[in-house]
Amino acid sequence: MQQDKTDRSSNIPPPLDEKRTLEQIKSRDAIIPLSELSIPIDTLLSLVSTQQITIKEICNIALKDGHLKANKEGKYLINALIERESIGVHAYPPTPRVKEIPEPAPNVENYKRQIDFSGFLPDHLAFKPVPDELPPELFAKQRISKCLSGKLERDIHEPTTIFAPDNRYTFNDTRYPWSTCGKVETPGGSASGVMVGPRHVLTCSHAIQWNNNGTAGWIKFTPSYFDGSAPFGTAWGTWVYFRRRVDGSDGINRDEGQHDYVTVVLNNRIGDLTGWMGSRSWTDSWDNEPYWRHIGYPGDLASGQRPSYQRDIPLDGSFWDRERHTRIWHQGDVWPGQSGGPYFAWWSGENYPSAVAVQSGQNSDENSASGGSEMVDLIINARNDHP
């Protein structure tokens, strides 16, 4: 039974459509140069590790045969001058050169020829001739069952559908707010997410590796990930705030679909570099209006290596208790890998977009997102506990 709509949200202004967004929200250049930016040391080191910033000069280091030498405590002591003008600019991997090796001529001598060379076992590594099996807590479940399609009840969704015509396109832009969205990687595969605080990422619950002992597997977040490039560095999850442990391998039922989101607390304040989106609770007055945009990393476009963007997506949140926790219906074009990516819009007078939901699941005739005020409250709890 569907609830009657109330007037409690009648005073909330609607989001801006594409035309009004371009009219009211203007682009701008950077306000301060990077030389005036103060960067936390842990974030700085993450940028070094991804070659986003370079070490221009090194002095006063312990060297042995041109290599760094650790002290007695096993620490490497370095004084370095670091260039950081490449923050926010993609550092692409080098293009490899190729050389074709022709197949040997098919003669008896070539067939008889045996070739070998020696291996090398370094002293600093332990050795075991047979590897140990993975412990149970590291087991990664299959995310999508090939047997599910066409066998699900209408209420059960799987992680997702493209509705013709496909309106997505991939992009490469590190300016705000595109800097806030990125790729989420876990033991079970990849998904999408968005910064919603200085060290806080919003993504879907079914992207998390939920272990049988109640723990969660590792989570890596790379904002503005593109073809292996990490223009703002990377960060790792230290806490996962959630409503439901949504597995997803057997489909996503109604209750799971209403709570298919988590807030991941990262190990550094990478959001100080990327910025972050705001977030709003859902209201029924926005039903079926094409205000919404979506960003994610779809597996069917560039194998999840590049973000995709789609605009003008109508969302329909009509559902029982929908404004508190809700499954939001839509026919946006989504594919595995886009799960966890935000649905967001702009509002007049604000220079930032706000997310209202994340991509969750699909069946043959509609896709679903998960949001509502409980999602926003979850984000606030994570931000209050881990500022």
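Here are a few things to note about the model shown:
- For region 234-297, the Stokes-Einstein estimate of translational diffusion at 25 °C and a viscosity of 0.890 mPa s comes to 164 µm²/s, using the Kirkwood hydrodynamic radius over alpha-carbon pairs.
- Whole-Hz ³J(HN,Hα) from phi, Karplus 6.51 cos²θ - 1.76 cosθ + 1.60, for region 280-290, glycine and proline x: 10, 6, 7, 9, 5, 5, 9, 4, 6, 9, x
- Other residues whose C-beta falls under 14 angstrom from the C-beta of THR234 contribute a net charge of +2, scoring Lys and Arg +1 and Asp and Glu -1.
- Phi to ³J(HN,Hα) by Karplus 6.51 cos²θ - 1.76 cosθ + 1.60 over region 377-387, Hz, x for Gly, Pro: 5, 4, 4, 4, 4, 5, 5, 5, 6, 9, x
- By the beta-carbon count within 10 Å of each Cβ, the least crowded to most crowded order of ARG28, ARG244, ARG168, fewest first, is ARG28, ARG244, ARG168.
- Near ALA355, the amide H atoms lying under 5 Å from its own belong to GLY278, SER279, ARG280; only residues 5 or more places off or on other chains count, and H is placed 1.01 Å from N.
- Taking amide H positions as modeled 1.01 Å from N, with prolines and chain starts lacking one, the residues under 5 Å from ALA230 and 5 or more places away or on another chain are ALA91.
- For region 190-271: Kirkwood Rh in Å [reciprocal of mean 1/r, alpha carbons]: 13.2 Å
- All alpha carbon pair distances within region 233-380 were sorted into 10 Å bins beginning at 0; the resulting P(r) in whole percents reads 11, 41, 39, 9, 0.
- Separation in nanometres of the label points that stand 7 Å from Cα toward Cβ, at TRP236 and SER285: 4.6 nm
- Vicinal HN-Hα couplings computed from phi for region 231-245 (Karplus, 6.51 cos²θ - 1.76 cosθ + 1.60; Hz; Gly/Pro x): x, 10, x, 10, 9, 10, x, 10, 9, 10, 9, 8, 9, 9, 7
Values quoted throughout were computed directly from the atomic coordinates according to the rules given, and no laboratory measurement underlies them. Remember, it's a predicted structure, so these values are computed and weren't measured experimentally. Don't worry about glycine lacking a Cβ; one is built from the backbone with ideal geometry, like all the others, and counts go over all protein chains shown.
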